[in-house]
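Student: Take this structure, written in structure tokens, and hold onto it; I'll ask about it next.
The values are calculated or read from the model by the stated rules, or taken from the named source; none is laboratory data. Fair warning: this is a prediction, and the values are worked out from it, not measured in the lab. With ideal geometry, Cβ positions are generated from the backbone for all residues, glycine too; neighbour counts draw on all protein chains shown. When the accessible area is computed, the model is the full protein with side chains, heavy atoms only, and any ligands, DNA or RNA have been set aside. Shrake-Rupley method; radii C 1.70, N 1.55, O 1.52, S 1.80 Å.
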Amino acid sequence: MSVSYPNQYRNYCVFDIKERKSLSEIRTSLENPKSEDEVLEDLYTLNLMLDEGNKEINSRVAQLYPALSKYNSTTSPNIQTFLAGIYRKTKIPDAFGPLCAMLIRNAVNPPKNVHFDPNEEIGGAILDYLA
């Protein structure tokens, strides 16, 4: 497993995932991560599962909210972006407030040294909730 972070030439992470985890493995990993890389890989995998369009996965990912909500206060723009994307796709009702709080925190204390604006995804997720 490895993550290549955004840089001046690319505004997104690149993942080298050898094997996809199950939802239960992702839950366990999110509850006790070893590193930010591991969290990002788990969130990336959840995003891929949601993109596949399986409705069952959508509701099962929503059941992971207790594990996901642990990261609602993160200052990591990479984690914020993936969380907002997951919340946007699942529209977990409890996630609306944390998304708003995340956007406000970033407005007051903008992320530093980032090669993209996580507020684009956060704001988009909020707009999807309101639509």
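Student: In the range 1-26, how many are open to solvent by less than 60 Å² (accessible area, probe 1.4 Å) and assigned to a helix (DSSP H, G or I)?
Tutor: 2
Student: Check off (1) modelled with pLDDT of 95 or more; (2) under 13 Å from the mean Cα position of the chain (by Cα) for THR90 and give me the number that stays unchecked.
Tutor: Among (1) modelled with pLDDT of 95 or more; (2) under 13 Å from the mean Cα position of the chain (by Cα), THR90 violates only (1).
Student: I'd like to know if the range 112-130 contains one or more residues that are of a type in the set (A, V, I, L, M) and touching a Ser or Thr at 6+ places or on another chain (Cβ under 7 Å). Please lay out each step first, then the result.
Tutor: Our first condition is that a residue be of a type in the set (A, V, I, L, M); within the range 112-130, this holds for 114, 122, 125-127, 130.
From what's left, touching a Ser or Thr at 6+ places or on another chain (Cβ under 7 Å): none.
Within the range 112-130, none of the residues are of a type in the set (A, V, I, L, M) and touching a Ser or Thr at 6+ places or on another chain (Cβ under 7 Å).
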